[in-house]
Amino acid sequence: MKKLFVFLTVMVAMAMVVVSCRSDDDDTDSTENRLKFANALTRNSTSATWEGYDKAQRKEFGNWVDERQSYVVIRFDRASTSATNGTGLLLTFENAFKDTFKERSEFMWYFDDDMLKIDYRHQGWTPVYAEYRTNELTINGDTFSGFWFEKTSVRYKFSYTKSDFNKWDDYKD
């Protein structure tokens, strides 16, 4: 009887482990999850534009302190709807009216393990990254928000909405 109890206990424990692993599948880095996120990022297309605010923050004594804020228009492009990497363009402005242009940078975006990374081409701009499977990045239909980390002590809190901005040629180097 004691052996049967031990056997049943082991079987129940194994079943719980198997069920736990299955429920965590969406939280793992996989080709399917990368493609799902890339599709949301480009709204199931090869290009998507977002716009909104970026707020630079720095960590000071364990707390995030707001610094400067910029209005951003950002476009993510990819070669096909099955690609999980691509290029893009980021424009920064003083405000949502886009009447005072600040800077622009082309970039490459890609996944590296569980991170979505952006490498800017603008000299002096540091690459940013975020875990794409956690609350660091959230895409819900027409909104994209979260935190881009430059390093552990510098991040950019952002909130973007779907955009139909199409004046890219007005802001060339």
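Bridging of Lys162 to aspartates and glutamates at a Cα separation below 18 Å is possible for Glu51, Asp54, Asp77, Asp142, once same-chain residues fewer than 8 apart are set aside. Taking only the C-alpha atoms of the range 75-173, Rg followed by Dmax gives 13.8, 39 Å. Projected onto their three principal axes, the Cα atoms of the range 28-96 cover extents of 41, 31, 15 Å, largest first.
Between Ala96 and Asp164, the modelled label-to-label distance comes to 1.7 nm, taking each label 7 Å out from Cα in the direction of the beta carbon. Modelled spin labels at Tyr171 and Thr31, positioned 7 Å past Cα toward Cβ, are 3.6 nm from each other.
Rule-based calculations on the coordinates, nothing more; no lab input. Keep in mind it's a predicted model, so treat the numbers as computed, not measured. When we count neighbours, we look across all protein chains shown, and the Cβ atoms used for this are built from the backbone with ideal geometry, even at glycine.
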